[in-house]
Amino acid sequence: MSCLATDPRFRLLDRVVGWDAASIEALTGLDAIEGIRLAGDPAALSEADIDPFIPPPVLAPGCGDCDWFLATPPWPEPRLLTLDGCDNQWTATWDQGCAPTAFQEISAIAFDRHLLAVADRAARRVLVLMADGFRIIGEAALDGLVDLSFGPGATLAVACQDGTAVEVLSIHGRRLGAWPAALPAGRILRLAHDRAGQLWLVMRTPAGALALWRQVDRSGTFVAADLPGLAQAFRRTALSGSSVIGFAMQRGDALAHLATVAWDWAGRPLAEALGGGTGFAPADRYARAGQLLTLAIDSGIDRCRWHRVRIEADIPPRTAIELAVASNDSANPAPQGVIEPAWAGFAAGVPHPGDWQTIEAGALDALIQQPAGRYLFLRLRLTGDGQATPLVRRIRIDLPRATSADLLPSIYRQEPRSADFTERFLALFDAGLETIDQCIARMPAALDADAADPELLPWLGSILGIGFDPAWDLAARRRLLRAAPELYRRRGTPSGLAMALELVCGDGRPAGGAVIEEHGLQRAWGAVAGPGARANAPLARLGATRLFSRSQARLRLGTSRIGGAPVLGQGNPDEDPLETGAFRFTVTLPADAPLAAQSLVALVESQKPAHTLAHVTKGGTGGFLMTGGARLGIDTLLRQPPPSVLGSGELRLGSNTIVGGGLPPGFVLGALGAAQSIPSSAGSNCE
């Protein structure tokens, strides 16, 4: 039963019903499950995205977080600069006249602990220098040098031939050969080794887009990579971005405050602030604004008073959604007015711009305060910062106006302005009542073990007194909830425990493959032998055997047979026949049981009677194991060991000799009757 005055009617705009688009600009996703978003390519890469992890070839981080090397352009002269300390000034790496060699055009540099590699593109050579004193220890000649990186095993990977090949050098300049695997299509712009020693490539594809590739194994094979993988493989540096103008870093100022400092490629400070026209911001992945205008949405009601509009959307930071509505009695009103200056270039739509009601920014639920009209027009505008986009999955429009004011006496609605305020005021409470209505409508599904959301299963289990172990999967939880009535009927019985194990393990085997042994049933009680009696049952005769044999319950001198009774040192001997194994049982599961031992113990404890003691164990830790080509019953037999004779051979008590009498209680493989056994075959290799 609804809490509201009337049954609601509504109209949906989504991918299933349709968006009724009359005009759509810089938006996409009308048929996508995710919803409408700003146009663009979310997977598009820009060099600014890669800069913090793989800097441009002419920049290289040094030993410390504040240490950097910069190779300046050839004009007025190529130099190698060093950024050290916190003064944020670039200085020459070596004094004038002390350079280890003359450079013509430094295209790339790399640093690794005590080594500095420099690629001189114009001179067609790669130099490796010791960082202390900058003594040259290696040199190699290569064409079209683009970038280089120190790799594992004292090697140096060099992108050459204008980025179409990779050569591997030793740190002493000896050429070790070309990269062992094929390179992806395109041209290499940057390369670097990650923390695991794998090589990454930043490439320009034949279509002109940026692409990331990473090495996957020692063979050198490359696979496509993405930004999340890049961020995980590399340590983020202080570099925040770069462009044709220069580059920027996060540095500490004189007051130890973190600030963004920018330089041009010659190492000179940039006077302009970052952002805006400096070009350091990453390239846009999405359009910054987009608009959707709908056709006339027909209510089918003349002079309809539209009630409410709701939006299902995700709005990331620095993005926004603006929704506006306008009503009209005509489905094709004449276009009037002009578009707002901020949205110049977008369609103005109909009706007049002054007739639109703009929903407050960020609001996803609002009343429609428009004059009565059969048709409603809707305008959806999305904005972002170029890096993120809002997503609009669905828009719901409720009609006609229906609030709790309809249930009040008519005197409350005689004055139009007061009636309008009363309707809008009570609509706030109606929204809460509608939420209650929805909960009531969904309650049957919430109580259905098969239909309930996974998040509701623990709550549903708490109602039934079932606590879920985190190790249980979703299917096991649903099986337990479905079987809860039968489990309660069998609770505390072996069959109930077996049923619970089977439901939780879910491997198709009865009781989940478990064996449940009640120790009380293994007491040494007398039994009258007869037709069909078990072969391992204790032999007993009326008038000659005690029903509760004390000599079999505890070793007694003069009456018990050796090996036929346990040796006990505590308790009352007279009560042994009744107390032995009482209220105790063992649950043994296969070694491949899907749950850990701790989870199995918790399950058994929840299902057993409170006064009993349970021991839970998993197989596979010992016992009989057959592998290879052994065939049970053909070349391998299970039987009792032959009788032992003391004083013969290598027999030793407590080591390889069992002193015993008849068959032990319980089923014995190979036993026929009470005292017979199957001899092993001549080719037996396991007894």
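The values are calculated or read from the model by the stated rules, or taken from the named source; none is laboratory data. The shown structure was predicted, so the numbers you read here are calculated from the model rather than taken from an experiment. Reconstructed Cβ throughout: ideal geometry from the backbone, glycine too, with neighbour counts over all protein chains shown.
Okay, residues lined up against (1) in the same structural domain as ALA342 (by TED's automatic domain parsing); (2) among the polar types (S, T, N, Q); (3) at pLDDT 80 or above:
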{"residue": "PRO371", "(1), (2), (3)": "yes, no, yes"}
{"residue": "ARG374", "(1), (2), (3)": "yes, no, yes"}
{"residue": "GLN387", "(1), (2), (3)": "yes, yes, yes"}
{"residue": "ARG413", "(1), (2), (3)": "no, no, no"}
{"residue": "ALA427", "(1), (2), (3)": "no, no, no"}
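Taking into account only those residues within the range 227-244 that are at pLDDT below 90 and within 26 Å of the chain's Cα centre (by Cα), which is nearest to PRO56 (Cα to Cα)?
So the residue we want is LEU227.
Return the residues of the range 165-180 that are surrounded by fewer than 15 Cβ atoms within 10 Å (Cβ to Cβ) and under 38 Å from the mean Cα position of the chain (by Cα); say none if nothing qualifies.
Once the filter is applied, which keeps residues that are surrounded by fewer than 15 Cβ atoms within 10 Å (Cβ to Cβ) and under 38 Å from the mean Cα position of the chain (by Cα), the range 165-180 yields only PRO180.
Looking for something loosely packed, with under 12 Cβ neighbours inside 10 Å, β-branched (Val, Ile, Thr) and under 32 Å from the mean Cα position of the chain (by Cα) - is there at least one such residue anywhere in the range 392-409?
No, the range 392-409 has no match at all.
Quick grid of which residues meet (1) without any contact (Cβ under 8 Å) to a residue 60 or more places away in the chain; (2) touching an Asp or Glu at 6+ places or on another chain (Cβ under 8 Å):
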{"position": "THR383", "(1), (2)": "no, yes"}
{"position": "LEU399", "(1), (2)": "no, no"}
{"position": "LEU408", "(1), (2)": "yes, no"}
{"position": "GLN414", "(1), (2)": "yes, no"}
{"position": "SER418", "(1), (2)": "yes, no"}
{"position": "ARG424", "(1), (2)": "yes, no"}
{"position": "PHE429", "(1), (2)": "yes, no"}
{"position": "PRO444", "(1), (2)": "yes, no"}
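Being touching a strand residue (DSSP E or B) at 6+ places or on another chain (Cβ under 8 Å) and in a loop (DSSP other than H, G, I, E, B) is the filter here; which residues of the range 188-238 pass it?
Matches in the range 188-238: ASP194, GLY197, GLN198, THR205, VAL216, GLY220, THR221, ASP226, PHE234, THR237, ALA238.
Which of (1) within 30 Å of ASP469 (Cα to Cα); (2) at pLDDT 75 or above does ASP592 not meet, given it meets every other one?
Tallying (1) within 30 Å of ASP469 (Cα to Cα); (2) at pLDDT 75 or above, ASP592 fails exactly one: (2).
Scan LEU70, LEU81 and give me the residue that is part of a strand (DSSP E or B), assigned by TED's automatic domain parsing to the domain that holds ILE136, touching a residue at least 40 places away in the same chain (Cβ under 8 Å) and more than 22 Å from ARG235 (Cβ to Cβ).
None of the others qualify; the one that does is LEU81.
Taking the options ASP329, ASP302, name whichever one is in contact with a strand residue (DSSP E or B) (Cβ under 9 Å, 6 or more places away or on another chain) and charged (D, E, K, R).
ASP329
Looking at (1) of a type in the set (Asp, Glu); (2) within 27 Å of ARG37 (Cβ to Cβ); (3) modelled with pLDDT of 90 or more, which one does ASP284 not meet, given that it meets all the others?
Here ASP284 clears every test but (3).
PRO351 - would you say it is in a loop (DSSP other than H, G, I, E, B), closer than 26 Å to LEU30 by Cβ and either modelled with pLDDT of 90 or more or outside the structural domain of LEU30 (by TED's automatic domain parsing) (or both)?
Spelling it out, it is not the case that PRO351 is in a loop (DSSP other than H, G, I, E, B), closer than 26 Å to LEU30 by Cβ and either modelled with pLDDT of 90 or more or outside the structural domain of LEU30 (by TED's automatic domain parsing) (or both).
Among residues belonging to the range 26-69 that are surrounded by fewer than 22 Cβ atoms within 10 Å (Cβ to Cβ) and acidic (Asp, Glu), point out the one that is modelled with the highest pLDDT.
Looking at residues that are surrounded by fewer than 22 Cβ atoms within 10 Å (Cβ to Cβ) and acidic (Asp, Glu), I get ASP31.
Test ALA405 against the stated conditions and say whether it is touching a Ser or Thr at 6+ places or on another chain (Cβ under 8 Å) and in a helix (DSSP H, G or I).
yes
Is it true that ALA326 is surrounded by 15 or more Cβ atoms within 10 Å (Cβ to Cβ) and at pLDDT 90 or above?
The answer is yes for ALA326.
Just to be sure, is ALA44 assigned to a loop (DSSP other than H, G, I, E, B) and farther than 30 Å from TRP90 by Cβ?
Considered against the rule, which asks whether it is assigned to a loop (DSSP other than H, G, I, E, B) and farther than 30 Å from TRP90 by Cβ, ALA44 comes out as yes.
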